[in-house]
Structures are given as structure tokens and as C-alpha cells.
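Undergrad: Once you've had a glance at the structure underneath, I'll fire off some questions.
The values are calculated or read from the model by the stated rules, or taken from the named source; none is laboratory data. Predicted model only: the values in this text are computed from it and were never measured. Reconstructed Cβ throughout: ideal geometry from the backbone, glycine too, with neighbour counts over all protein chains shown. Surface accessibility is based on the protein's heavy atoms, side chains included, excluding ligands, DNA and RNA. Shrake-Rupley method; radii C 1.70, N 1.55, O 1.52, S 1.80 Å.
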Amino acid sequence: MNLIFSRLPAGKGLLNLYKSLSDHCLLLKVQGNIMSVNNKFKKAVKQIVPQSLINQGRCAIEAAKILPYYVSGSGKAPPPESVTIDITFKCNCRCIMCALYGDHRESWCESSVDKELTTQQWKDVIDQLKYAGINSICFTGGEPMIRKDLLDIIEYAINKNISINILTSGGLLSQEISKKIVEIGVDDISISIDGPKEIHNIIRRTSVFDAAVKGIQYIQNEKKRYNTEKPSISIACTIQKLNENHLHELVAIANSLQVHLSFSPLFYTSHENENRSFKLAGGDDATKDEDQNVLDTHRLVNVEILTNELNLVRKEADRLNQSIYLPLESKEDIESRFYKPDHSILNKCLGPWLGSRIDPYGNVYPCSVNMKCGNVLETDFGEIWNGPRYLKFRKTLKKIKLFPRCAKCCTLTPEKKVWDYIPCVGP
């Protein structure tokens, strides 16, 4: 209503005031109808066109946008598409393969809660991101729902017309939180479930399965109550040794909850490749407390078992008409993914020309590589984005195409194969 009143002409009588309000209400109704048609069109397209093809088209558009910047060799990038915010490193789970709390770590991540950005500081950062051109933010962690002010911060971003995605274990999705997620208009929420109840809880090292399922049900019920399509819900499963013969069971679970199901292979690297990458990137202050050197007992799947299991996943998905995303197509894909640490499905990465990552303390990174480019409490994000450290990082990445640690990065997916065709000409 404030928007309507701010546009009303001053000094008119009650009749004109009523007419102006009526006109504005009609305009809002027309705009609402157009948005409704657009949403129905998008939904129809998604039902007709395979998601993989939609993703490929999106990646091609992104590649075309950054092409002149990439070829120039300056290290500069156009206004970023998106930012991932690790809003806290605290977590209610202790997943066996986690970069922060996994079995392979000598000690768990030390989350300095007192150093995390405050609610107001995050809102100030969102102002910076919007000014820099950001249209999409992914909130993750740790477990983002541990922050009691998360939805307040998200609502602030949504009011800036920024699209929001939340990555969560789902264990803290109460009915009240689920209602608020729907009310404020979160666009997407991805909930991690790595298998049926027993397997999932073993991997997460806590009894979180039932709470995650209940959280999905809460959100679905609220969506019906508000008659809205938002948020789009998906289950995210990390393929690894422990769940290699239980993946097909997730198809029925996702189908019963009426959500999309997405599989991603485990992201891993070695300390050697981590150190080599850091040196190549020219980093001098490693502040990102992540370790992707996952234990072989979690990584080395049985290729035959997993090949048969993924075939079962596809058959079950076809039988139930369940939407899935499964990037591993063949036995050869599985062997390369889990047994060849230096093999990558892409020959180059364009991620740092498209997006960025901010940790709980305001440090800015190009991606998961431990290379700090600045801090938003000290320097505006827009200055960091095309600042000296970012430029150096992009120039180095263009020259070597991929850092050693990045071969198994979850950002490098089959639909981004178009990146391979971007020429590495210029300086």
C-alpha cells in the first residue's frame, strides 16, 4: 500500500483518490494475472522440455555473457549472476564426508559465532550485492537454519527482488519456519537426504531423517494453503560408498513427497592438490576451514554395484514418472569420477566469472578454492568483484584452465559442457 500511496497525485478530492486507488488496484490485478500466466507458462515448459536441456540453455546464455570478458584476458567479469552465502559454519549434523565435520578431519571446524556477521551487517551486504547486480543468492552453511535471523535476512533480500535458494539438512524445519518460508516467497529449497532412514542417519551421524521428511511435508501443506508454487522443493543426494545400493529407494520417497530428486557424486580432492591449487592461485592467507580429502572408505564405490543401482534409479523414476537429475550416465563415468582424482568432465571452469562465495565472517572467495579476495566489512563487494585479487585469480585460472583441486567440484556438471568450447585466446 505504501507504493500505491506514494504514486497518488497530491491535492485531489476523495473521488479522485478513490479513482486513483481503483486504477492502481486494477493495475496490480493485471500485473498479477500476467505473473500467473508467466508462471503457468514456465511450469508447462518444464513439463515438456527436459530439465537437462533447460540447464544447457541457461549455461549457454551465461557463457555468451562472459565471452568477451574471458577472451580479453583482463581478468575482469560482468556483473555477477549469483552469490553463495555460508551464513554459519555451525551445524546440527556431523556428516561423514563433510568438508567441515567429516571423518577425514583431524579436528572439526571451529565456528567462531561471535565473529559472524550480525543481522544488520548481512542486510548491508545484501545492499552491496544488489548494487553490484546480484539477482540470486543461495544460503547454506553449515546449517543455515541455525541462524535464528535467517528468514529475516532472506525476507530483506526478497524485498530487493533477489531470488533465494536455501540448502539445508531439513532437520530444523519446524511448522512455524516452514510457514514463514512460504509466506515470504523463498524461490527454491534443497533438502539433503542421502538414502532411506537408516542409511541417511548413519551418514549424517544424527537422527535427522524423520525431521527432514516432516519439514518437506510442512512446506507442501503451506504451499497448498497459500495456493503458491513457491518454493520449489528438491531432495539432494550425495552419491558415495555407503549409499551405493540404496539410491533407488529415494525415488519412491521423493515421489511420495512430490518433490524433485537430484543426485550429485561426492566432491573430493587430496591435500597435495589442495596445496598446489593454493600456491597456483597466489594465496597468502588461508582462512577457509574446509577439507575435501575424503576417506577412501567413503569414496571408493563398487563400480558394478553402483552402475546397476543407477539403472534401477532410472527405471524406478520412469515407472513413477518422477523427475530426477543424474549426471552419471555410464560405467565409465563412475570409474572416472570415483577412481581418477585428476580426471574432470570439463576442461575449464568459468565459475569465477559468474558468481562468488561469502563466508560467515564476510570473507569473499571466488569459489571453493581457498583464496580470499577481500572482506565485505572492509571493502564493498563491487570493488572486490573486479579488484586485484579477483583479477589475478581469473587470469591464472584462464591460463591453467582448472586448478588441481577442482577436478571433482560439484560445479562442474555435464550441462556446462558448453564451457569447453569457449576459446582460450587472448592474453
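Undergrad: Of the residues Thr396, Thr411, only one is over 30 Å from Ser262 (Cα atoms) and either of a type outside the set (A, V, I, L, M, F, W, C) or modelled with pLDDT of 90 or more (or both); which?
TA: Result of the check over Thr396, Thr411: Thr396.
Undergrad: Give me the pairs: first residue in the range 198-216 and free of Cβ contacts under 8 Å to residues at least 60 places away in the same chain, second residue open to solvent by 40 Å² or more (accessible area, probe 1.4 Å) and part of a helix (DSSP H, G or I), beta-carbon distance under 6 Å, and six or more apart or on different chains, which are they?
TA: Phe209/Lys197
Undergrad: Turning to a different aspect of this structure: Would you be able to tell me the number of residues in the range 370-415 that are out of contact with any strand residue (DSSP E or B) (no Cβ under 6 Å at 6 or more places or on another chain) and open to solvent by 40 Å² or more (accessible area, probe 1.4 Å)?
TA: 15
Undergrad: I want to confirm something. Restricting to the range 187-233 and keeping residues that are among the acidic types (Asp, Glu) and under 22 Å from the mean Cα position of the chain (by Cα), which single residue is surrounded by the fewest Cβ atoms within 10 Å (Cβ to Cβ)?
TA: Out of the qualifying residues, it is Glu229.
Undergrad: Among the residues of the range 52-109, which ones are of a type in the set (D, E, K, R) and assigned to a loop (DSSP other than H, G, I, E, B)?
TA: Result: Lys76, Glu81, Lys90, Arg94, Asp103, Arg105, Glu106.
Undergrad: Another question, then. Within the range 213-221, can one find any residue that is under 19 Å from Arg94 (Cα atoms) and not small (Gly, Ala, Ser)?
TA: Checked against the condition, which is being under 19 Å from Arg94 (Cα atoms) and not small (Gly, Ala, Ser), the range 213-221 yields at least one hit.
Undergrad: Being among the aliphatic types (A, V, I, L, M) and surrounded by fewer than 22 Cβ atoms within 10 Å (Cβ to Cβ): is that true of Leu261 here? If you could, list the steps in order and put the result at the bottom.
TA: Values: among the aliphatic types (A, V, I, L, M): yes; surrounded by fewer than 22 Cβ atoms within 10 Å (Cβ to Cβ): no.
When the stated conditions are applied, Leu261 does not pass them.
Residue-wise test of (1) on the phi > 0 side of the Ramachandran plot; (2) in contact with a strand residue (DSSP E or B) (Cβ under 9 Å, 6 or more places away or on another chain).
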| residue | (1), (2) |
| --- | --- |
| Gly170 | yes, yes |
| Ser174 | no, no |
| Ile177 | no, no |
| Ser190 | no, yes |
| Gly195 | yes, yes |
| Ile219 | no, yes |
| Lys224 | no, no |
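Undergrad: Are there any pairs with C-beta distances below 8 angstrom linking a residue in the range 395-417 that is among the polar types (S, T, N, Q) to a residue that is surrounded by fewer than 17 Cβ atoms within 10 Å (Cβ to Cβ) and not in a helix (DSSP H, G or I), with the two at least 6 apart or on different chains, and if so which?
TA: Listed pairs, sorted by first residue: Thr396/Gly282.
Residue by residue, here is whether (1) closer than 20 Å to Ser232 by Cβ; (2) open to solvent by less than 30 Å² (accessible area, probe 1.4 Å); (3) touching a helix residue (DSSP H, G or I) at 6+ places or on another chain (Cβ under 8 Å); (4) among the hydroxyl-bearing types (Ser, Thr, Tyr) holds:
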| residue | (1), (2), (3), (4) |
| --- | --- |
| Ile87 | no, yes, yes, no |
| Asn92 | no, no, yes, no |
| Cys98 | no, no, no, no |
| Tyr101 | no, yes, no, yes |
| Leu117 | no, yes, yes, no |
| Leu129 | no, yes, yes, no |
| Gly142 | no, yes, no, no |
| Leu150 | yes, yes, yes, no |
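Undergrad: Looking only at residues in the range 325-355 that are open to solvent by 50 Å² or more (accessible area, probe 1.4 Å) and not in a helix (DSSP H, G or I), which one is nearest to Gln258 (Cα to Cα)?
TA: Within the range 325-355, the match that is nearest to Gln258 (Cα to Cα) is Glu329.
Undergrad: A follow-up question, please. Working only within the range 131-140, note down all residues that are open to solvent by less than 30 Å² (accessible area, probe 1.4 Å) and more than 13 Å from the chain's Cα centre (by Cα).
TA: Ala132, Gly133, Ile134, listed by residue number.
Undergrad: On to the next question. Would you mind finding the one in Val125, Val113 that is modelled with pLDDT of 95 or more and either over 24 Å from Tyr268 (Cα atoms) or surrounded by fewer than 15 Cβ atoms within 10 Å (Cβ to Cβ) (or both)?
TA: After ruling out the rest, the residue left standing is Val125.
Undergrad: Mind listing whichever residues of the range 305-314 are closer than 29 Å to Arg105 by Cα and either open to solvent by 20 Å² or more (accessible area, probe 1.4 Å) or modelled with pLDDT under 95 (or both)?
TA: Residue satisfying the conditions is Ile305 alone.
Undergrad: Something else now. Give all pairs with beta carbons closer than 6 Å in which a residue from the range 68-87 that is among the basic types (Lys, Arg) meets a residue that is modelled with pLDDT of 95 or more and surrounded by fewer than 19 Cβ atoms within 10 Å (Cβ to Cβ); count only pairs at least 6 apart in sequence or on separate chains.
TA: Lys76/Asn386
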